[in-house]
């Protein structure tokens, strides 16, 4: 996008449109970068991703619009772009999108045909052919994919948090046990030391007791 294009966007987009875009981003599901960027639920090209981000970033940039949520909206937009540029995250999202589309296809009673497209020299991505299922590319179809994807991402996030909680509880219990073991070892060392330190005292007390017994017998 040229500098002239940047100027045009800033000039022709009204303040109210900028505000609406900020509010849309703030209301979008944070775990869905496609929804935030309003990109089709397909493998994005680097060019399309850059263009989508550029157009929206110019529209909501905190330096170009007065809105209390502009900085946060801009941050979320940048995070969405970064997510789709990060291979691991993109591959995960495409798996979720495939699952969402497969569910929608099955709901229509159609057979599911999955194909693969090359992502890079190391891996491919499984997709459903949009030409074979044209309803997925319609506005309503995209909304349905978005809805289903949100459901799947929420379920995945809840499972992730539950697993993390269990791991933290396990680590906490292990740490507590180690701490208790250390306390027990310290107590035993102190008890052993006290026993050793008072050994001579016990010996003397016993000897004194024996001597008293001998004297008593002699007196008798």
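Of note:
- Shape summary: the range 1-85 maps onto an equivalent ellipsoid whose semi-axes, from the alpha-carbon gyration tensor, are 20, 16, 10 Å in decreasing order.
- Equivalent ellipsoid semi-axes, the chain, via Cα gyration tensor eigenvalues times 5, rooted, Å: 72, 26, 15
- Simple label model, 7 Å out from Cα along Cβ direction - residue 124 to residue 210, nm: 9.2
- Between 0 and 90 degrees, the angle of helix 3-12 with respect to the longest Cα principal axis of the chain falls at about 80 degrees.
- Under the criterion of Cα pairs below 8 Å and six or more residues apart, the relative contact order for the range 1-146 equals 20 percent.
- CD proxy at 222 nm, helix term only [per DSSP H run n ≥ 4: -39500 (n - 2.57); per residue of the chain; nearest 500]: -25000 deg cm²/dmol
Read-outs: derived from the displayed coordinates by stated rules, not from any lab. A quick note: this is a predicted structure, and the numbers were derived from the prediction, not measured. For neighbour counting, all protein chains shown are included, and Cβ atoms are generated from backbone atoms with ideal geometry for every residue, glycine included.
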